[in-house]
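S.K.: What follows is a structure written as structure tokens; I'll ask about it next.
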Amino acid sequence: MKATIVALPGDGIGPEVMASAMEVLSVIADQFGHELTIQQHLIGGAALDETGQALPTATLDACRQADGVLLGAVGGPKWQDPDINKRPESGLLQLRAALGLFANLRPVVPLNSMHDASPLKSDRLTGVDIMVVRELTGGIYFGDKTEGVDVAEDVCRYTREEVTRIVRVAAELARQRKGHLTSVDKSNVLATSRLWRAVTTQIMADEFPDVTLEHLLVDAAAMHLIARPGNFDVMVTENMFGDILTDEASMLVGSMGLLPSASLGADGGNARRAGLYEPIHGSAPDIAGKGIANPCGMIASVAMMLRHSLGLEKEAAATELAIKLALDGGARTADLASSRQTLNTQQMGQRIIRHLTDG
Ligand code: IPM
Ligand code: MG
């Protein structure tokens, strides 16, 4: 097939992990006979430096035309402007909103061979397979803001429609998996959470009677994620809770550097749909430029793009298997504390590519 992919390396370790992901993608394209055109564009701090905008028009236009968009990371200590529009993160938030990417899928699946990398006891990790579905274009991230020296305000707002569409995405996934959905809110305190809970309860009763529904308050959910991670199947939650809980969940897998994500819009009934794919880790300024970042989350994000935007399931599975075989074989970057030999970003990418080319 022919497809156009936009690569947005961004800031910090973004360009480093993107370089590895590009190598993997070109191997996949060669092996499976696809013609992929890669266009690189600016976003975040890199874009601010060059153009004065965190999301330049040229970048947004290219993303709108693309079959899939890959993003490394945005942000860093260099860009701390009090004006929100002059911060790298606003580029990413604008992109998510402009493309209508309301559904953020973050799979959390610890490998047996990686249990030693998690601070949790191994017996808690066996069988853990969680899909966190984070609402991505609403809530406190996007409400009105006022910012003064002595008082500041962030409005948290959700509509029935916004809750409905994300719950449907999560419930459909649960139906294809173990048939269990956990909805996370703070309905004992927040009005938006009471709407969230009421709408979720109704949608599930009306449209998904075959999927079991559990409601958890977010503070309890944070605890249960550690206490009984094996009991979760699909977890659906609002924007900020999903941001926080997925950083926590990454510790089940061993490192933030391992986790991918897919941000999707409405599918309109198509198997192929536009999406933005990024690791859940940030720009990691403390290790940027050293070439030691873990590229696995970025490469796993490529796999998610192959699956969800290009409809290439075989290629996606091959990529995921290559990552698993590399890790099973003991390949470790510095974030995965281990006595074994530590690989740098490029070497880790090569180890994954070796498993792709060896069959
Ligand atoms: C994430 C990141 C972003 C978010 C930042 C960089 C704006 O933490 O994708 O999890 O908060 O959504
Ligand atoms: Mg985050």
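S.K.: Sort Ser90, Ser187 so the one with the fewest other Cβ atoms within 10 Å of its own Cβ comes first.
M.R.: Ascending number of Cβ neighbours within 10 Å: Ser187, Ser90.
S.K.: Right, another one. Which percent, to the nearest 5, of DSSP beta bridges fully inside segment 151-294 are antiparallel?
M.R.: On the way: 5 of 15 bridges.
So the antiparallel bridges in segment 151-294 amount to around 35 percent.
S.K.: Hey, another quick one. Enter the per residue convex hull volume of segment 21-148, computed from alpha-carbon coordinates, in Å³ rounded to the nearest integer. Numbers along the way, then the final one.
M.R.: Details: hull volume 24.0 nm³, N = 128.
Once divided by residue count, the hull of segment 21-148 is 187 Å³.
S.K.: Give, as a single signed number, the net charge of other residues whose beta carbon lies under 13 Å from the beta carbon of Arg197, with Lys and Arg counted +1 and Asp and Glu -1.
M.R.: Neighbourhood net charge equals 0.
S.K.: Do any trypsin sites (Lys or Arg not before Pro) in segment 81-189 lie in a DSSP loop with no more than 16 other beta carbon atoms within 10 Å, and if so, which?
M.R.: Here the trypsin sites (Lys or Arg not before Pro) that fit, given the DSSP loop and packing criteria, are Lys121, Arg157, Arg177, Lys178.
S.K.: Per the Kirkwood formula on distinct C-alpha pairs, the Rh of segment 142-203 is how many angstrom?
M.R.: Kirkwood hydrodynamic radius for segment 142-203: 13.3 Å.
S.K.: How do Leu217, Leu48 line up, fewest other C-beta atoms within 10 Å first?
M.R.: The fewest-first ordering by Cβ neighbours comes to Leu217, Leu48.
S.K.: Starting from the amide H of Gly275, placed 1.01 Å from N in the peptide plane, find each other amide H under 5 Å away whose residue is 5 or more places distant or on another chain.
M.R.: Those lying under 5 Å, H to H, from Gly275 are Val69.
S.K.: Additional query: Starting with the highest mean, order 249-255, 291-297 by the number of other Cβ atoms within 10 Å, averaged over the residues of each peptide.
M.R.: So the order, starting with the most tightly packed, is 291-297, 249-255.
S.K.: Have a look at the DSSP beta bridges in the chain and tell me what percent are antiparallel, nearest 5.
M.R.: Within the chain, antiparallel bridges account for around 35 percent of the total.
S.K.: Sequence gap of 8 or more, or different chains, plus Cα separation below 22 Å: how many lysine pairs satisfy both in the chain? Please report the intermediate quantities before stating the final value.
M.R.: Values: Lys2/Lys314; Lys78/Lys86; Lys78/Lys290; Lys86/Lys145; Lys121/Lys324; Lys145/Lys186; Lys314/Lys324.
Lysine pairs meeting the criterion: 7.
S.K.: Kirkwood Rh over alpha-carbon pairs of the chain, then Stokes-Einstein at 10 °C and 1.306 mPa s: what D in µm² s⁻¹, rounded to an integer?
M.R.: 77
S.K.: A further question follows. Cα centroids of segment 296-326 and segment 14-51: how far apart, whole angstrom?
M.R.: Each part's Cα centre sits 15 Å from the other's.
None of the figures in this text is laboratory data; all of them are computed from the coordinates on show. As the structure is a computational prediction, the values presented were derived from the model and not from experiment. All Cβ positions, even for glycine, are placed from backbone atoms using ideal geometry, and neighbour counts span all protein chains on display.
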